[in-house]
Amino acid sequence: MTTPGLSTDQRTRYDRDGFLVIEDFAEPAACDALMARAAELVETFDPDASRSVFSSVRQDQNSDAYFLSSGDRIRFFFEEDAFDGAGRLKQPKTLSLNKIGHALHDLDPVFRAFSRTPRLAALVAGLGLRDPVLLQSMYIFKQPHIGGEVVGHQDATYLYTEPTSVVGLWFALQDAALDNGCLWVIPGGHRGPLRKRFVRTPESGLRHVDLDPTPFPDDAYVPLEARKGTLVVLHGLLPHRSGPNRSDRSRHAYSLHLVDGTCAYPADNWLRRDPAFPARGFGIG
C-alpha cells in the first residue's frame, strides 16, 4: 500500500530513522526563484532599522521585541559575526544576514506559492498530519565565512504541541556539503524524549525549560550532504544540527514547519500570531 505522497518504503524509512531525504524534489528554477525573491526582500531592508542578531547558541538572549513579534511578520536577523566592535557591519548586508522569518509562507507571494502545492500537501498527509497547519518559515543564508553553527536541537522544543506533531521541511536551495554547513542528524533519535521547551516568560523574555537531562550523543550524528533541490523531512523529535560555514560558498536553504491543528498549542510557546491572522493550512493562497 502507498500512502498519499509517499511510497511505502519512504514512510517506513521515515518512521524508522526520523528523517527522509528526497532528492530533486524542487526544480532548480523554483530554487532560483526563492533565492531571487530573498535578494529582493533584502534589498528593501534597512539594516539601521533593526540590528537583531540570531544565535542558536545564545537563544535565551533573543528576547528583543523585534524577534518576539516575528511570528506573523517578515523580519531580518543578522549573524553574530556580522558586526565589528563598534557595532558596524563588517561587510554588505547581503552577506551579513543569518535568516529571514517567520511568516514568508503567508505574506510573500513567491514563498506562498512554493509552500502551498498539492505535492507538498500530499506528502504531509502521507506523514499522518490530520489537519496540517503551516506555522513557521525561514530563509536561511548560512553566509560564507561567518555562517553560524546551529547546535543540536529538536524542532518540538520550539514548536511544541500536545501531543508532539511538528514536522520540518528543509529545502536545499544550494548544494549543502560538509565544508559549508550541511545538516547532521541522529538516525532513530526521534524515539527518545523531548529534552527542552523554549517558552516565553512572564517578564516578556524567553527561556529554555529542561524536561530531560539526557544529552544528545555527539558520536551518533551523521551528515546529510544534499544537492540543490533536495527536500529533507524532519520528525519533530529528531535531534539535528549544522556546523558553521567557514568556506567561501553560501548554503542557502528554505525551512517550513507544520503542526497538526488538532493538537493543543500551549499559550507559552515562543512563536505567537495575531488572533486576527491565524496560521493556516494548504487550502489558502
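Nothing in this text is a laboratory measurement; each read-out follows from the coordinates by a stated rule. Because the structure is a prediction, the values reported are computed rather than measured. Using ideal geometry, Cβ is built from the backbone for each residue, glycine included, and neighbour counts are taken over all protein chains shown.
Write out, first by first residue and then by second, each pair whose Cβ atoms fall under 7 Å of each other, whose residues are 6+ apart or on separate chains, and whose first residue, in the stretch 18-31, is closer than 16 Å to H190 by Cα while the second is among the hydroxyl-bearing types (S, T, Y).
Going by the 7 Å Cβ cut-off, the qualifying pairs are L20/Y14; V21/T230.
For R197, are the conditions met, namely being under 20 Å from the mean Cα position of the chain (by Cα), among the basic types (K, R) and over 19 Å from G147 (Cβ atoms)? Don't jump to the end; show me each part of the working.
Numbers: under 20 Å from the mean Cα position of the chain (by Cα): yes; among the basic types (K, R): yes; over 19 Å from G147 (Cβ atoms): yes.
Against the criterion (under 20 Å from the mean Cα position of the chain (by Cα), among the basic types (K, R) and over 19 Å from G147 (Cβ atoms)), R197 qualifies.
Test of understanding: among Y139, Y158, which residue is of a type in the set (F, W, Y), out of contact with any Pro (no Cβ under 6 Å at 6 or more places or on another chain) and surrounded by fewer than 23 Cβ atoms within 10 Å (Cβ to Cβ)?
Details: Y139 fails: surrounded by fewer than 23 Cβ atoms within 10 Å (Cβ to Cβ).
It is Y158.
Output the number of residues of the stretch 243-278 satisfying the condition of being over 22 Å from R37 (Cα atoms) and either in contact with a Lys or Arg (Cβ under 7 Å, 6 or more places away or on another chain) or without any contact (Cβ under 8 Å) to a residue 60 or more places away in the chain (or both).
9
Got a sec? Which of H235, H257 is more than 30 Å from A65 (Cβ to Cβ) and under 16 Å from the mean Cα position of the chain (by Cα)? Spell out the reasoning first.
Details: H257 fails: more than 30 Å from A65 (Cβ to Cβ).
None of the others qualify; the one that does is H235.
What are the residue pairs meeting all of these: first residue in the stretch 189-210, first residue farther than 14 Å from Y160 by Cα, second residue of a type in the set (F, W, Y), Cβ atoms under 6 Å, and 6 or more apart or on different chains?
L206/W270
Any chance you could count how many residues in the stretch 113-136 are polar (S, T, N, Q) and either surrounded by 21 or more Cβ atoms within 10 Å (Cβ to Cβ) or touching a Pro at 6+ places or on another chain (Cβ under 6 Å) (or both)? I'd like the intermediate steps shown before the answer.
Keep residues of the stretch 113-136 that are polar (S, T, N, Q), which gives 115, 117, 136.
Pick out the ones that are also either surrounded by 21 or more Cβ atoms within 10 Å (Cβ to Cβ) or touching a Pro at 6+ places or on another chain (Cβ under 6 Å) (or both) and you get 115, 136.
Going through the stretch 113-136 one residue at a time, the tally reaches 2.
Take the stretch 109-137 and flag every residue that is of a type in the set (G, A, S) and part of a strand (DSSP E or B). Spell out how you get there, then give the answer.
Start the filter on the stretch 109-137 by keeping residues that are of a type in the set (G, A, S), which leaves 113, 115, 121-122, 125-126, 128, 137.
Within the stretch 109-137, just S137 meets the criteria.
For the stretch 98-105, state whether one or more residues are in a strand (DSSP E or B), within 16 Å of N269 (Cα to Cα) and touching a residue at least 40 places away in the same chain (Cβ under 8 Å). Spell out the reasoning first.
Here is the first cut: in the stretch 98-105, the ones in a strand (DSSP E or B) are 98-102.
After this cut, where a residue has to be within 16 Å of N269 (Cα to Cα) as well, the list is 102.
Now restrict to residues that are touching a residue at least 40 places away in the same chain (Cβ under 8 Å): 102.
So far as the stretch 98-105 goes, yes, one or more of its residues are in a strand (DSSP E or B), within 16 Å of N269 (Cα to Cα) and touching a residue at least 40 places away in the same chain (Cβ under 8 Å).
Take the residues in the stretch 142-155 that are more than 30 Å from F282 (Cα to Cα) and β-branched (V, I, T); name whichever of them is surrounded by the fewest Cβ atoms within 10 Å (Cβ to Cβ). Write out each step before concluding.
First, pick out the residues of the stretch 142-155 that are more than 30 Å from F282 (Cα to Cα): 143-149, 151.
Right, trim to β-branched (V, I, T) and you get 146, 151.
Working: I146: 20, V151: 13.
Here the residue is V151.
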